[in-house]
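The values are calculated or read from the model by the stated rules, or taken from the named source; none is laboratory data. Owing to the predicted nature of the structure, the values given are computational and were not obtained by experimental measurement. Using ideal geometry, Cβ is built from the backbone for each residue, glycine included, and neighbour counts are taken over all protein chains shown. We work out accessible area using only protein heavy atoms, side chains counted, and drop any ligands, DNA or RNA first. Shrake-Rupley method; radii C 1.70, N 1.55, O 1.52, S 1.80 Å.
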Amino acid sequence: MAQADFRYEPADDRVGLPCGVAIYADRPYVRAEMRDDAEAAGFGLTACGALAELPQADDGLAPGEVVLLDCPAADAGTLAALCRLDMRAAQSGAQLVVSTTVEALDAIFACLDQSNPQILVDPSRAERVIALGRALAHIPNLRVRDLSPDDRLMLLRLTEQVAQIADRLDTLCREDGARTGSAWQVEAPRRGFRGANATKPRDRLVPVGHPAWPDPQLVRQIIRQRQARARFFDAALFADPAWDILLDLTAAHAEGARVSVTSLCIAAGVPPTTALRWITQMTEAGLLQRMEDDVDRRRAFIGLAPRAAEAMIAYFAELGGEAGHLV
(Lines give C-alpha, C1' and ligand atoms only; values in the text may rest on other atoms or scores of the structure.)
Protein backbone atom coordinates (compact mmCIF):
# COMPACT_ATOMS: atom_id res chain seq x y z
CA MET A 1 0.00 0.00 0.00
CA ALA A 2 1.10 3.59 -0.50
CA GLN A 3 2.69 4.91 2.68
CA ALA A 4 1.15 7.91 4.43
CA ASP A 5 3.57 10.71 5.28
CA PHE A 6 2.46 12.37 8.50
CA ARG A 7 5.30 14.88 8.73
CA TYR A 8 5.06 17.14 11.74
CA GLU A 9 6.93 19.94 13.44
CA PRO A 10 6.79 21.85 16.73
CA ALA A 11 4.35 24.75 16.53
CA ASP A 12 7.10 27.27 17.29
CA ASP A 13 9.92 25.75 15.25
CA ARG A 14 10.38 24.89 11.61
CA VAL A 15 12.70 21.98 12.31
CA GLY A 16 10.88 18.64 12.61
CA LEU A 17 11.79 16.52 15.63
CA PRO A 18 11.26 12.76 15.88
CA CYS A 19 8.20 11.65 17.82
CA GLY A 20 8.57 8.33 19.63
CA VAL A 21 6.43 5.27 18.98
CA ALA A 22 6.45 2.01 20.92
CA ILE A 23 5.01 -1.12 19.29
CA TYR A 24 3.81 -4.26 21.06
CA ALA A 25 2.31 -7.18 19.15
CA ASP A 26 2.57 -10.96 19.36
CA ARG A 27 1.83 -11.58 15.68
CA PRO A 28 5.15 -11.04 13.86
CA TYR A 29 3.65 -9.89 10.56
CA VAL A 30 1.45 -7.32 12.32
CA ARG A 31 4.41 -6.06 14.33
CA ALA A 32 6.46 -5.74 11.15
CA GLU A 33 3.68 -3.82 9.35
CA MET A 34 3.22 -1.45 12.29
CA ARG A 35 6.94 -0.81 12.45
CA ASP A 36 7.26 -0.15 8.71
CA ASP A 37 4.30 2.25 8.70
CA ALA A 38 5.47 4.13 11.79
CA GLU A 39 8.97 4.59 10.44
CA ALA A 40 7.65 5.63 7.02
CA ALA A 41 5.50 8.24 8.74
CA GLY A 42 8.57 9.74 10.40
CA PHE A 43 8.30 8.30 13.90
CA GLY A 44 11.33 7.32 15.92
CA LEU A 45 11.02 3.78 17.24
CA THR A 46 11.45 3.60 21.03
CA ALA A 47 10.46 -0.04 21.52
CA CYS A 48 9.21 -2.98 19.48
CA GLY A 49 8.33 -6.29 21.07
CA ALA A 50 5.74 -8.80 22.22
CA LEU A 51 2.84 -8.09 24.56
CA ALA A 52 4.68 -9.92 27.33
CA GLU A 53 7.04 -6.95 27.52
CA LEU A 54 4.23 -4.55 28.43
CA PRO A 55 4.55 -4.90 32.24
CA GLN A 56 8.10 -3.56 32.00
CA ALA A 57 7.22 -0.94 29.39
CA ASP A 58 4.55 1.10 31.15
CA ASP A 59 6.91 2.78 33.61
CA GLY A 60 8.71 4.98 31.15
CA LEU A 61 6.09 6.61 28.90
CA ALA A 62 7.21 10.00 27.61
CA PRO A 63 4.77 12.89 27.07
CA GLY A 64 3.53 12.75 23.50
CA GLU A 65 4.75 9.21 22.90
CA VAL A 66 2.51 7.00 20.77
CA VAL A 67 2.00 3.37 21.77
CA LEU A 68 0.69 0.90 19.18
CA LEU A 69 -0.69 -2.39 20.50
CA ASP A 70 -2.19 -5.43 18.84
CA CYS A 71 -4.36 -7.42 21.28
CA PRO A 72 -6.41 -10.03 19.39
CA ALA A 73 -7.13 -11.92 22.62
CA ALA A 74 -7.90 -10.73 26.14
CA ASP A 75 -6.16 -12.95 28.67
CA ALA A 76 -5.83 -11.87 32.31
CA GLY A 77 -2.16 -10.90 32.05
CA THR A 78 -2.70 -8.71 29.01
CA LEU A 79 -5.73 -6.98 30.56
CA ALA A 80 -3.81 -6.22 33.76
CA ALA A 81 -0.92 -4.77 31.75
CA LEU A 82 -3.33 -2.69 29.66
CA CYS A 83 -4.97 -1.24 32.79
CA ARG A 84 -1.59 -0.10 34.09
CA LEU A 85 -0.57 1.25 30.70
CA ASP A 86 -3.87 3.12 30.40
CA MET A 87 -3.31 4.91 33.71
CA ARG A 88 0.31 5.76 32.82
CA ALA A 89 -0.76 7.11 29.45
CA ALA A 90 -3.42 9.29 31.05
CA GLN A 91 -0.84 10.70 33.45
CA SER A 92 1.88 11.29 30.87
CA GLY A 93 -0.18 12.39 27.88
CA ALA A 94 0.94 9.44 25.75
CA GLN A 95 -1.40 8.32 22.96
CA LEU A 96 -2.60 4.70 22.82
CA VAL A 97 -3.77 2.98 19.63
CA VAL A 98 -5.07 -0.51 20.38
CA SER A 99 -6.21 -2.99 17.73
CA THR A 100 -8.29 -5.99 18.77
CA THR A 101 -10.99 -8.39 17.58
CA VAL A 102 -14.75 -8.38 17.99
CA GLU A 103 -14.45 -11.30 20.42
CA ALA A 104 -12.08 -9.41 22.73
CA LEU A 105 -13.59 -5.94 22.29
CA ASP A 106 -15.73 -5.79 25.44
CA ALA A 107 -12.85 -6.80 27.72
CA ILE A 108 -10.37 -4.44 26.03
CA PHE A 109 -12.84 -1.53 26.11
CA ALA A 110 -13.59 -2.09 29.81
CA CYS A 111 -9.98 -1.78 30.95
CA LEU A 112 -9.14 1.30 28.85
CA ASP A 113 -11.12 4.02 30.58
CA GLN A 114 -8.53 6.65 31.50
CA SER A 115 -6.48 7.75 28.48
CA ASN A 116 -9.15 8.05 25.77
CA PRO A 117 -7.36 5.60 23.45
CA GLN A 118 -8.18 4.82 19.85
CA ILE A 119 -9.56 1.27 19.62
CA LEU A 120 -9.52 -0.42 16.21
CA VAL A 121 -11.40 -3.65 15.50
CA ASP A 122 -9.80 -6.02 12.97
CA PRO A 123 -8.29 -2.95 11.26
CA SER A 124 -6.82 -2.77 7.82
CA ARG A 125 -3.31 -1.45 7.43
CA ALA A 126 -4.74 1.82 6.11
CA GLU A 127 -6.87 2.24 9.24
CA ARG A 128 -3.80 1.85 11.43
CA VAL A 129 -1.99 4.54 9.44
CA ILE A 130 -4.96 6.91 9.81
CA ALA A 131 -4.92 6.22 13.55
CA LEU A 132 -1.29 7.30 13.66
CA GLY A 133 -2.27 10.61 12.07
CA ARG A 134 -5.09 11.08 14.58
CA ALA A 135 -2.67 10.39 17.44
CA LEU A 136 -0.31 13.06 16.14
CA ALA A 137 -3.15 15.57 16.06
CA HIS A 138 -3.56 15.19 19.84
CA ILE A 139 0.09 15.68 20.75
CA PRO A 140 0.67 19.14 22.30
CA ASN A 141 2.85 21.61 20.37
CA LEU A 142 2.91 19.48 17.23
CA ARG A 143 0.97 20.04 14.07
CA VAL A 144 0.38 17.51 11.32
CA ARG A 145 1.81 18.85 8.09
CA ASP A 146 0.44 16.31 5.63
CA LEU A 147 -2.81 14.47 6.31
CA SER A 148 -4.58 13.45 3.12
CA PRO A 149 -7.57 15.59 2.07
CA ASP A 150 -9.86 12.55 2.18
CA ASP A 151 -8.84 11.76 5.76
CA ARG A 152 -9.27 15.38 6.82
CA LEU A 153 -12.72 15.47 5.21
CA MET A 154 -13.78 12.21 6.90
CA LEU A 155 -12.73 13.41 10.37
CA LEU A 156 -14.30 16.83 9.85
CA ARG A 157 -17.57 15.32 8.63
CA LEU A 158 -17.76 12.99 11.62
CA THR A 159 -17.16 15.80 14.11
CA GLU A 160 -19.59 18.19 12.44
CA GLN A 161 -22.38 15.61 12.19
CA VAL A 162 -22.16 14.68 15.85
CA ALA A 163 -22.15 18.36 16.83
CA GLN A 164 -25.27 18.93 14.71
CA ILE A 165 -27.03 15.98 16.33
CA ALA A 166 -26.20 17.33 19.79
CA ASP A 167 -27.52 20.80 18.87
CA ARG A 168 -30.76 19.34 17.48
CA LEU A 169 -31.34 17.23 20.57
CA ASP A 170 -30.78 20.27 22.80
CA THR A 171 -33.26 22.26 20.73
CA LEU A 172 -35.83 19.46 20.94
CA CYS A 173 -35.47 19.35 24.74
CA ARG A 174 -35.91 23.13 25.04
CA GLU A 175 -38.95 23.18 22.76
CA ASP A 176 -40.60 20.34 24.66
CA GLY A 177 -39.98 22.05 28.00
CA ALA A 178 -41.42 25.31 26.70
CA ARG A 179 -44.51 23.55 25.29
CA THR A 180 -45.32 21.54 28.42
CA GLY A 181 -44.34 24.29 30.83
CA SER A 182 -42.31 21.87 32.92
CA ALA A 183 -38.67 21.03 33.18
CA TRP A 184 -37.93 17.35 33.73
CA GLN A 185 -34.65 15.54 33.79
CA VAL A 186 -33.64 11.95 33.11
CA GLU A 187 -31.18 10.56 35.58
CA ALA A 188 -28.71 7.77 34.97
CA PRO A 189 -30.13 4.37 36.00
CA ARG A 190 -29.31 3.49 39.56
CA ARG A 191 -27.88 0.14 40.50
CA GLY A 192 -30.60 -2.51 40.30
CA PHE A 193 -32.64 -0.62 37.69
CA ARG A 194 -34.92 -3.02 35.82
CA GLY A 195 -37.01 -0.71 33.65
CA ALA A 196 -40.57 0.54 33.92
CA ASN A 197 -41.85 -3.01 34.52
CA ALA A 198 -39.70 -3.58 37.60
CA THR A 199 -41.50 -5.37 40.43
CA LYS A 200 -40.07 -3.01 43.06
CA PRO A 201 -40.97 0.68 42.74
CA ARG A 202 -37.51 1.77 43.85
CA ASP A 203 -36.01 -0.03 40.81
CA ARG A 204 -38.06 2.02 38.37
CA LEU A 205 -36.88 5.21 36.74
CA VAL A 206 -40.15 7.10 36.31
CA PRO A 207 -40.01 10.49 38.08
CA VAL A 208 -43.29 12.27 38.76
CA GLY A 209 -44.38 14.31 35.74
CA HIS A 210 -41.88 12.58 33.46
CA PRO A 211 -43.09 11.60 29.98
CA ALA A 212 -43.03 7.85 29.51
CA TRP A 213 -40.32 6.05 27.64
CA PRO A 214 -41.49 4.83 24.22
CA ASP A 215 -42.70 1.26 23.90
CA PRO A 216 -39.50 -0.77 23.36
CA GLN A 217 -41.32 -3.09 20.97
CA LEU A 218 -42.19 -0.09 18.83
CA VAL A 219 -38.56 1.08 18.80
CA ARG A 220 -37.37 -2.44 17.92
CA GLN A 221 -39.90 -2.49 15.08
CA ILE A 222 -38.46 0.75 13.73
CA ILE A 223 -34.96 -0.72 13.94
CA ARG A 224 -36.03 -3.87 12.06
CA GLN A 225 -37.67 -1.76 9.35
CA ARG A 226 -34.47 0.23 8.92
CA GLN A 227 -32.37 -2.93 8.74
CA ALA A 228 -34.70 -4.48 6.14
CA ARG A 229 -33.58 -1.96 3.53
CA ALA A 230 -30.19 -3.67 3.36
CA ARG A 231 -31.85 -6.74 1.77
CA PHE A 232 -32.79 -4.70 -1.28
CA PHE A 233 -30.19 -1.92 -1.48
CA ASP A 234 -26.55 -1.38 -0.66
CA ALA A 235 -26.50 -0.86 3.11
CA ALA A 236 -23.99 1.98 2.71
CA LEU A 237 -26.68 4.08 1.01
CA PHE A 238 -28.60 4.37 4.28
CA ALA A 239 -25.77 4.27 6.83
CA ASP A 240 -26.76 6.48 9.76
CA PRO A 241 -24.83 5.09 12.72
CA ALA A 242 -25.60 7.93 15.12
CA TRP A 243 -29.36 7.46 14.81
CA ASP A 244 -29.11 3.67 14.92
CA ILE A 245 -27.05 3.96 18.12
CA LEU A 246 -29.61 6.28 19.70
CA LEU A 247 -32.50 4.00 18.74
CA ASP A 248 -30.82 0.88 20.09
CA LEU A 249 -29.96 2.52 23.41
CA THR A 250 -33.49 3.95 23.71
CA ALA A 251 -35.01 0.50 23.26
CA ALA A 252 -32.55 -1.03 25.70
CA HIS A 253 -33.21 1.61 28.36
CA ALA A 254 -36.96 1.12 28.03
CA GLU A 255 -36.42 -2.63 28.41
CA GLY A 256 -34.19 -2.17 31.45
CA ALA A 257 -31.26 -3.74 29.61
CA ARG A 258 -27.64 -2.67 29.48
CA VAL A 259 -25.74 -2.53 26.20
CA SER A 260 -22.15 -3.66 25.71
CA VAL A 261 -19.88 -1.84 23.30
CA THR A 262 -19.76 -4.90 21.02
CA SER A 263 -23.55 -5.05 20.83
CA LEU A 264 -23.74 -1.33 20.12
CA CYS A 265 -21.17 -1.63 17.32
CA ILE A 266 -23.39 -4.25 15.70
CA ALA A 267 -26.47 -2.06 16.12
CA ALA A 268 -24.69 0.86 14.43
CA GLY A 269 -24.70 -1.03 11.14
CA VAL A 270 -21.19 0.03 10.14
CA PRO A 271 -17.75 -1.61 10.57
CA PRO A 272 -16.78 -1.88 14.27
CA THR A 273 -13.89 0.58 14.06
CA THR A 274 -16.18 3.16 12.45
CA ALA A 275 -18.83 2.49 15.08
CA LEU A 276 -16.26 3.02 17.84
CA ARG A 277 -15.32 6.39 16.36
CA TRP A 278 -19.00 7.40 16.44
CA ILE A 279 -19.39 6.18 20.01
CA THR A 280 -16.32 8.17 21.04
CA GLN A 281 -17.51 11.33 19.28
CA MET A 282 -21.04 11.03 20.70
CA THR A 283 -19.65 10.47 24.19
CA GLU A 284 -17.46 13.57 23.89
CA ALA A 285 -20.52 15.50 22.65
CA GLY A 286 -22.43 14.54 25.80
CA LEU A 287 -24.92 12.21 24.07
CA LEU A 288 -23.63 8.90 25.45
CA GLN A 289 -22.02 7.86 28.70
CA ARG A 290 -19.85 4.99 29.78
CA MET A 291 -21.16 2.89 32.68
CA GLU A 292 -18.97 0.51 34.63
CA ASP A 293 -20.18 -2.91 35.75
CA ASP A 294 -20.28 -2.88 39.55
CA VAL A 295 -20.07 -6.66 39.69
CA ASP A 296 -17.48 -7.41 37.01
CA ARG A 297 -14.85 -4.72 36.50
CA ARG A 298 -13.81 -6.41 33.27
CA ARG A 299 -17.00 -5.15 31.61
CA ALA A 300 -18.35 -1.75 30.76
CA PHE A 301 -21.54 -0.61 29.11
CA ILE A 302 -22.74 2.35 27.04
CA GLY A 303 -25.93 4.24 27.78
CA LEU A 304 -27.76 7.41 26.86
CA ALA A 305 -26.56 10.50 28.66
CA PRO A 306 -29.38 12.47 30.36
CA ARG A 307 -29.61 15.09 27.60
CA ALA A 308 -29.96 12.43 24.89
CA ALA A 309 -32.46 10.43 26.95
CA GLU A 310 -34.62 13.53 27.44
CA ALA A 311 -34.53 14.28 23.73
CA MET A 312 -35.42 10.73 22.65
CA ILE A 313 -38.38 10.66 25.05
CA ALA A 314 -39.54 14.04 23.77
CA TYR A 315 -39.06 12.93 20.16
CA PHE A 316 -41.28 9.86 20.51
CA ALA A 317 -43.82 11.78 22.58
CA GLU A 318 -44.04 14.35 19.79
CA LEU A 319 -44.63 11.67 17.15
CA GLY A 320 -47.24 9.80 19.17
CA GLY A 321 -49.05 7.17 17.12
CA GLU A 322 -47.15 8.11 13.96
CA ALA A 323 -43.93 6.60 15.32
CA GLY A 324 -44.87 3.14 14.04
CA HIS A 325 -44.61 4.38 10.44
CA LEU A 326 -41.03 5.59 10.81
CA VAL A 327 -38.09 4.02 9.02
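Things worth noting here:
- Accessible area of region 245-327 belonging to carbon and sulfur atoms, whole % at 1.4 Å probe: 53 percent
- Kirkwood hydrodynamic radius computed over region 37-134 comes to 13.6 Å, based on all pairs of distinct alpha carbons.
- P(r) histogram, all alpha-carbon pairs of region 225-327 included - 10 Å bins from 0, percent: 14, 44, 34, 8, 0
- Simple spin-label estimate for residue 47 and residue 91 gives 1.4 nm between the two label positions (7 Å along the Cα-to-Cβ direction from each Cα).
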